[in-house]
Amino acid sequence: MTLALALSAPKIAHLHRHPAAPSAQPCIIEVAATTMDDGGLVLSYLVTCPSADLRLPAQQPPGAADGLWQHTCCEAFVAEDGAGYREFNFSPSGQWAVYRFTSYRERDNSFTPEAEPQLSFTSLANGFELRASLPAALLPPGSALQLGLTAIIEAADGSKSYWALAHCAAQPDFHVRQSFALTLKRNTP
């Protein structure tokens, strides 16, 4: 087995809550993004939020599932050439989803991922850490990745707040291409 090495030091990004979805939760969300020498990507989400105010989905067997964004979920959007992009959902439950869009919110239903993300979840006294490793086969080709990093946080009362690097719409909308605000250089296998 060959271990992938980090291509560069991680980029640390801070997510911001969308003002149209007010929340009393005093959360802080940081994401460390690292490209790997094999062309893959590792994302580590650190969510600091009072645990009593945070609703997490129950643990499930690892695997693909739809609708993860309806509860606490970390996400990544990765631009392709042209108007296309990929959406990745990572649930604290251990489940994940991978989608390909040909243009804004136009999902390619024929897309079948060639690999699976690997997730690890750690519960913390005040929040959690979720790490997602994305093999190169899941990512669009190219020498750079343009990322939109996001999270949905569900409060104990069921309300949700929406977090992103940048919010470029009046209502929370992670699919807006202008919010893909972080670019990382990568090796392409």
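The values are calculated or read from the model by the stated rules, or taken from the named source; none is laboratory data. Bear in mind the structure is a predicted one, so any value in this text is a computation, not a measurement. When we count neighbours, we look across all protein chains shown, and the Cβ atoms used for this are built from the backbone with ideal geometry, even at glycine. These area figures cover heavy atoms from the full protein model, side chains too; ligands, DNA and RNA do not enter into them. Shrake-Rupley method; radii C 1.70, N 1.55, O 1.52, S 1.80 Å.
Protection proxy ranking for 151-164, 54-67, using the average of other Cβ atoms within 10 Å per residue and placing the highest first: 151-164, 54-67.
Judged by a Cβ-Cβ distance under 4.7 Å, the unpaired cysteines of the chain are Cys73, Cys74, Cys168.
Here the range 35-136 has 47 percent of its accessible surface on carbon and sulfur atoms, given a 1.4 Å probe and all protein chains in place. Shown here for the range 68-107: trypsin sites (Lys or Arg not before Pro) in loop regions (DSSP other than H, G, I, E, B) with at most 16 other Cβ atoms within 10 Å, namely Arg105. Would you work out the relative contact order for the range 140-188, in percent, from Cα pairs under 8 angstrom that are 6 or more residues apart? RCO, the range 140-188: 47 percent. Computed over the chain, relative contact order equals 26 percent, with contacts defined as Cα pairs under 8 Å that lie 6+ residues apart. Once the 1.4 Å probe is applied to the protein heavy atoms, the range 70-189 comes out at 44 Å² accessible per residue. Judged by the mean number of other Cβ atoms found within 10 Å, the most tightly packed of the peptides 175-186, 116-127 leads the ranking 175-186, 116-127.
Distance between the C-alpha centres of the range 57-95 and the range 128-186: 10 Å, rounded to the whole angstrom.
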